[in-house]
Amino acid sequence: MAIGTETDGSVISPSSFCGIVGIKPTVGLLSRSGIIPISKTQDTAGPMARTVKDAAILLGALTGVDTDDPVTNESKGKAQKDYTQFLNADGLKGKKIGIEKSFLEGHEGVVALYKDAIELLKKQGATIVEVELRKALNKIGNAEFTVMQYEFKDGLNKYLANTNAKVMTLTDVIAFNNSNAAKAMPYFKQETLISSNTKGDLNSKEYTDALAKTTGSRKIIDDMMKQFQLDAICGTSTGLACCTDLITGDYDTGFYFCPPAAMAGYPHITVPMGTVFDLPVGFSFCGSAYSEGPLLTLAYAFEQASKKRVPPKFLKNFEG
C-alpha cells in the first residue's frame with residue numbers, strides 16, 4: 001500500500017500506469033495537514049494499492065476530522081471507518097453506468113480494452129448510457145490553471161510561514177532557485193512558480209471568476225448523473241503511457257479522465273482494465289461528493305469479474 005497526493009491526476013495517473021488501484025477521494029474526506037499545498041479546492045491524499053479491497057481498507061484508516069484542515073468538517077456523518085462493507089462481487093447488477101463517449105475513439109489498443117470493459121459491465125448486469133462529460137466541461141477552458149496559480153501562491157506562503165525553512169515565501173523559493181540554478185533547475189525552469197507569484201490574493205476577481213467556473217463542474221456532474229439516473233460515470237483513466245511511440249515520442253493525450261473529478265473535488269477510482277504493449281491501462285469510476293462507498297461497490301465488482309491486474313516484472317534494460 002501507499003499514500004499518494006493529487007491535485008489533478010497524481011493518484012489516478014500513476015495508479016493507472018502501474019496497474020494498481022488508486023482512489024482520489026472527495027476533497028474533505030481526508031486531512032491535508034502536512035501536505036505541501038497546490039490547490040485548496042482540489043488537493044487531497046488518497047490510497048494506492050494492489051486491489052480494491054486493500055485500497056478500501058487504507059481509505060477507512062485515513063478518514064477523520066482534523067481541526068487543522070477545516071474542510072474535513074464537511075465529512076462529518078459521511079465518512080466511513082470501514083469501506084470494505086461496500087465490497088460486493090455482484091455490485092454491478094441493476095446499476096446504470098455513464099460511459100464517456102470520447103474514449104470510444106483513439107488508440108486502437110486502448111479503445112479495444114475500453115470496449116471490452118464496457119461489455120463486461122453489461123454482462124455483469126449494468127445498463128450503459130453514453131455521455132459526453134468532457135465536452136460539457138470544455139467551457140471551463142483554462143480556469144483550472146488560473147485557480148491553481150492563485151491557490152498555490154496563497155497556500156504555499158501560508159505553509160512556509162509555519163515551518164523552520166530558510167525560505168519563507170514563494171518569492172524566497174524563486175530567488176533560491178535562481179541562485180542555485182545549476183543544481184535546482186538543471187532540466188526544468190520555474191515558469192509556473194513565477195507566473196503564480198504575479199497573482200494577487202484570493203479576493204481577486206480573476207480568481208473568483210475562475211473558481212466559479214471550476215467548481216461549476218460539480219453541478220455539471222451532478223446534473224448529468226441526475227438526468228440519466230447514473231450510479232457512476234466511467235472512462236479510460238489515463239492512456240498516455242499506452243498510446244506512446246517510445247521511439248519517436250509520438251504521444252496521444254486523448255485518454256485522460258482526471259480533470260472532471262479533480263476540479264469538482266469529487267471521488268475517482270481507477271482499476272486495471274488490461275495492458276497495451278505490456279503497459280497497464282486503468283478504468284475509472286467517478287461519482288458525486290462522498291460517494292466513495294457506492295463507487296467501491298462498482299469498482300470491486302468490475303475487478304472481480306475482469307481480473308486484469310498483472311503483477312509487475314523486471315524487464316531487460318533498453319539499449320537504444
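The values are calculated or read from the model by the stated rules, or taken from the named source; none is laboratory data. Computed from a predicted model, the values in this text were never measured in an experiment. FYI the Cβ positions are ideal-geometry reconstructions off the backbone, even for glycines, and counts take in every protein chain you see. Remember, those area values only see protein heavy atoms, side chains included, never the ligands or the DNA or RNA. Shrake-Rupley method; radii C 1.70, N 1.55, O 1.52, S 1.80 Å.
Brief remarks follow.
- Close contacts from the range 262-274, counting a first residue that is open to solvent by less than 10 Å² (accessible area, probe 1.4 Å) and a second that is aromatic (F, W, Y) and not in a strand (DSSP E or B), with Cβ to Cβ under 9 Å and a gap of 6+ residues or different chains, come to P267/Y290; H268/F257; T270/F257; V271/Y300; V271/F302; M273/Y114; M273/F302.
- Top-ranked residue in the range 216-237 [being within 21 Å of G141 (Cα to Cα), of a type in the set (G, A, S) and in contact with a helix residue (DSSP H, G or I) (Cβ under 6 Å, 6 or more places away or on another chain); ranked as surrounded by the fewest Cβ atoms within 10 Å (Cβ to Cβ)]: S217
- Taking the criterion of being within 23 Å of T146 (Cα to Cα) and either of a type in the set (A, V, I, L, M, F, W, C) or assigned to a loop (DSSP other than H, G, I, E, B) (or both), the residues of the range 169-197 that qualify are T169, L170, V173, I174, A175, F188, K189, Q190, L193, I194.
- Taken as a whole, the range 83-95 holds no residue that is at pLDDT 95 or above, in contact with a strand residue (DSSP E or B) (Cβ under 6 Å, 6 or more places away or on another chain) and buried (at least 19 other Cβ atoms within 10 Å of the Cβ).
- From K183, K213, residue being open to solvent by 40 Å² or more (accessible area, probe 1.4 Å), in contact (Cβ under 8 Å) with a residue 60 or more places away in the chain and out of contact with any strand residue (DSSP E or B) (no Cβ under 9 Å at 6 or more places or on another chain): K213
- Here is the figure for the range 68-81: residues that are closer than 20 Å to L296 by Cα and loosely packed, with under 13 Cβ neighbours inside 10 Å total 3.
- Subset tally (residues that are touching a helix residue (DSSP H, G or I) at 6+ places or on another chain (Cβ under 8 Å), in contact (Cβ under 8 Å) with a residue 24 or more places away in the chain and of a type outside the set (A, V, I, L, M)) for the range 53-81: 6
- Restricting attention to the range 122-164 and to residues that are polar (S, T, N, Q) and farther than 28 Å from E206 by Cα, the residue that is surrounded by the most Cβ atoms within 10 Å (Cβ to Cβ) turns out to be Q124.
- Evaluated against (1) surrounded by fewer than 19 Cβ atoms within 10 Å (Cβ to Cβ); (2) under 26 Å from P312 (Cα atoms); (3) at pLDDT 95 or above, G109 falls short on exactly one condition, (3).
- From T41, T5, T26, T51, residue being over 22 Å from K158 (Cβ atoms) and touching a Ser or Thr at 6+ places or on another chain (Cβ under 8 Å): T26
- Matching residues, the range 14-50, being in contact with a helix residue (DSSP H, G or I) (Cβ under 7 Å, 6 or more places away or on another chain), among the β-branched types (V, I, T), open to solvent by 10 Å² or more (accessible area, probe 1.4 Å) and more than 17 Å from Y290 (Cα to Cα): I36, I38
Residues checked against (1) within 25 Å of the chain's Cα centre (by Cα); (2) more than 30 Å from L295 (Cβ to Cβ):
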| position | (1), (2) |
| --- | --- |
| T146 | yes, no |
| K153 | yes, yes |
| M168 | no, yes |
| I194 | no, yes |
| T215 | yes, no |
| M224 | yes, no |
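- Scanning the range 198-210 for residues being open to solvent by less than 40 Å² (accessible area, probe 1.4 Å) and not in a loop (DSSP other than H, G, I, E, B) gives a total of 2.
- Condition met for D54 (under 25 Å from K307 (Cβ atoms) and either open to solvent by 10 Å² or more (accessible area, probe 1.4 Å) or not in a loop (DSSP other than H, G, I, E, B) (or both)): yes
- Taking the range 211-249 as the range and being modelled with pLDDT of 95 or more and part of a strand (DSSP E or B) as the test, the residues that pass are A232, I233, C234, G235, T236.
- Residues within the range 134-171 that are touching a residue at least 60 places away in the same chain (Cβ under 8 Å) and β-branched (V, I, T), tallied: 3
- Residue within the range 298-306 that is open to solvent by 30 Å² or more (accessible area, probe 1.4 Å) and in contact with a strand residue (DSSP E or B) (Cβ under 9 Å, 6 or more places away or on another chain) present: yes
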